[in-house]
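A.B. asks: Below you will find the structure I want to go over with you.
The values are calculated or read from the model by the stated rules, or taken from the named source; none is laboratory data. All values derive from a computational prediction rather than experimental measurement. In this analysis, Cβ positions are derived from the backbone assuming ideal geometry, glycine residues included, and neighbour counts consider all displayed protein chains.
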Amino acid sequence: MEVEKWKKKLDMLETKKKRIYEMREEGSYTKEEFMERKDEIENEISTTRILSNEARIEQFDIEGSIIYATKFIENLGRQWFDLVPHLQPKFQKLVFPEGIPFEWKKGFGTAKLAGIYEMNRDFSTEKSVLVDPSGIEPLTSSMPWKRSTK
């Protein structure tokens with residue numbers, strides 16, 4: 001809404017600028033008057049463009065963008081499979097900039113992640129709810145509050 005208001009004002013100023021040029025061509029303005037009017041309108045146009053850009057920035061949904069980026073990073077496997085095959089190696093290089101280490105007799109090693117993914121891993125505060133942190137052994141019948149140590 002705000003952006004549209006600035007666009008209309010910019011259109012009006014551009015029309016006014018065009019009219020100033022026409023009036024100079026018709027001889028209504030002297031060279032000095034023309035230069036003065038032209039400079040005034042160009043300053044006003046510049047100011048309006050700046051205000052219009054600021055309105056666009058405010059309109060940009062930063063929170064939504066952060067949520068999207070976080071979900072994108074969390075679902076890398078899905079992103080990779082959704083890519084066309086010829087882009088998968090490029091995407092893989094972005095995630096693993098040093099490649100995936102492999103030794104003939106040992107197999108695959110631990111790959112170094114790109115910086116953004118390391119930051120995501122380091123700042124992740126969620127704990128897994130899939131496994132009970134006290135252990136996975138069954139309860140012993142004689143001590144229901146304790147886990148078996150065998």
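A.B. asks: Anything in the stretch 31-71 that is of a type in the set (A, V, I, L, M, F, W, C) and closer than 17 Å to LYS8 by Cβ? List them, or say none.
C.D. replies: Initially, the stretch 31-71 is screened for residues of a type in the set (A, V, I, L, M, F, W, C), giving 34-35, 41, 45, 50-51, 55, 57, 60, 62, 66-67, 69.
ILE41, ILE45, ILE50, LEU51, ALA55 - these are the residues of the stretch 31-71 that are of a type in the set (A, V, I, L, M, F, W, C) and closer than 17 Å to LYS8 by Cβ.
A.B. asks: While we're looking at this one, here's another question. Kindly check whether there is at least one residue in the stretch 130-141 that is more than 30 Å from GLU2 (Cβ to Cβ), at pLDDT below 75, of a type in the set (D, E, K, R) and surrounded by fewer than 10 Cβ atoms within 10 Å (Cβ to Cβ). Before you say what the answer is, go through the steps one by one.
C.D. replies: Filtering the stretch 130-141 down to residues more than 30 Å from GLU2 (Cβ to Cβ) leaves 130-141.
Cutting the leftovers down to at pLDDT below 75 gives us 130-141.
Okay, now just the ones that are also of a type in the set (D, E, K, R), so 132, 137.
Okay, now just the ones that are also surrounded by fewer than 10 Cβ atoms within 10 Å (Cβ to Cβ), so 132.
There is at least one residue in the stretch 130-141 that is more than 30 Å from GLU2 (Cβ to Cβ), at pLDDT below 75, of a type in the set (D, E, K, R) and surrounded by fewer than 10 Cβ atoms within 10 Å (Cβ to Cβ).
A.B. asks: What are the residue pairs meeting all of these: first residue in the stretch 27-38, first residue surrounded by fewer than 13 Cβ atoms within 10 Å (Cβ to Cβ), second residue assigned to a helix (DSSP H, G or I), Cβ atoms under 8 Å, and 6 or more apart or on different chains?
C.D. replies: Close Cβ pairs satisfying both conditions: LYS31/ARG24.
A.B. asks: When both residues are 6+ apart or on different chains and their Cβ atoms are under 8 Å apart, which pairs have a first residue that lies in the stretch 74-85 and is in the same structural domain as ALA114 (by TED's automatic domain parsing), and a second that is outside any helix (DSSP H, G or I)?
C.D. replies: none
A.B. asks: For the subset of the stretch 1-22 comprising residues that are over 17 Å from ARG37 (Cα atoms), of a type outside the set (D, E, K, R) and in a helix (DSSP H, G or I), which member is nearest to the chain's Cα centre (by Cα)?
C.D. replies: This residue is VAL3.
A.B. asks: Continuing with this model, one more query. Kindly check whether there is at least one residue in the stretch 30-40 that is within 18 Å of the chain's Cα centre (by Cα) and outside any helix (DSSP H, G or I).
C.D. replies: Of the stretch 30-40, the ones within 18 Å of the chain's Cα centre (by Cα) are none.
Scanning the stretch 30-40 turns up no residue that is within 18 Å of the chain's Cα centre (by Cα) and outside any helix (DSSP H, G or I).
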